[in-house]
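Notes follow once the structure below has been shown.
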Amino acid sequence: MSIRIEHRIGVAASAETIWGIIADLERWGDWNPLHPEASGHIAIGGRLALAEALDGDAVRRLEATIPDWTPEIQLVWNVRRGFLSRSTRYFELEPLTDHSTLLANGEIFDGLLGEDWAAKRRAPFRAAFEAINEAIKVRAESA
């Protein structure tokens, strides 16, 4: 069993514009309330170092591995959250027209302890994903 927490939003901008915001890891602190620090290399097998600032929890340092990515389509990374807990975090972009895109942003939690941990934090994660999408939307639509 797993728990998926996700937010989707329509953005009046191209997937290319949105991807440019997501792929610029060093600027995540300008718009990303959940991951205010990010560094690494976006590539299959690439590694990311992230700070996670979930409302109500202490800031956590996460090491992630990228199992899959496609420019302007998706970015996926895996995090081991503890002995019996892991998650898969993602951004997915679905172009609707040349100047509009559906943006999905979420995380799938699994493992014996992962489901319980995530269930207790469903509302803060959902709020964070919504805030991330709104921030990307504002940046992309004003570009």
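The values are calculated or read from the model by the stated rules, or taken from the named source; none is laboratory data. Owing to the predicted nature of the structure, the values given are computational and were not obtained by experimental measurement. Counting neighbours? That spans all protein chains shown, and the Cβs are built from the backbone with ideal geometry, glycine included. The area values use the complete protein model at the heavy-atom level, side chains included, leaving out ligands, DNA and RNA. Shrake-Rupley method; radii C 1.70, N 1.55, O 1.52, S 1.80 Å.
Computed values, structure above
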item	result
Cut-off under 5 Å, modelled amide H: who pairs with residue 13 long-range	100, 101
Share of carbon and sulfur in the accessible heavy-atom surface of segment 1-112 [1.4 Å probe, %]	51
Charge sum, other residues only, whose C-beta stays under 14 Å from residue 55's C-beta, Lys/Arg counted +1 and Asp/Glu -1	+2
Segment 1-125 - Rg and Dmax from Cα coordinates, angstrom	14.5, 44
Assigned charges on the beta-carbon of Lys, Arg, Asp, Glu; segment 8-119 dipole about Cα centre (debye)	340
Charge-dipole axis of segment 10-143 as Lys and Arg at +1 and Asp and Glu at -1 on Cβ define it, positive-most pick from 93, 114, 69	114
Efficiency of FRET from Cβ geometry, residue 120 and residue 37, R₀ 25 Å, rounded to 0.05	0.55
Estimated vicinal HN-Hα couplings, Hz - segment 25-36 in sequence order (Karplus 6.51, -1.76, 1.60; Gly, Pro = x)	4, 5, 9, 4, x, 6, 9, 9, x, 7, 10, x
Segment 21-114 - accessible surface per residue (Å², probe 1.4 Å)	50
Relative contact order, percent, the chain [alpha-carbon distance under 8 Å, six or more residues apart]	32
Positive-end residue, segment 6-143 charge dipole about Cα centroid, Cβ charges, pick of 31, 13, 83	83
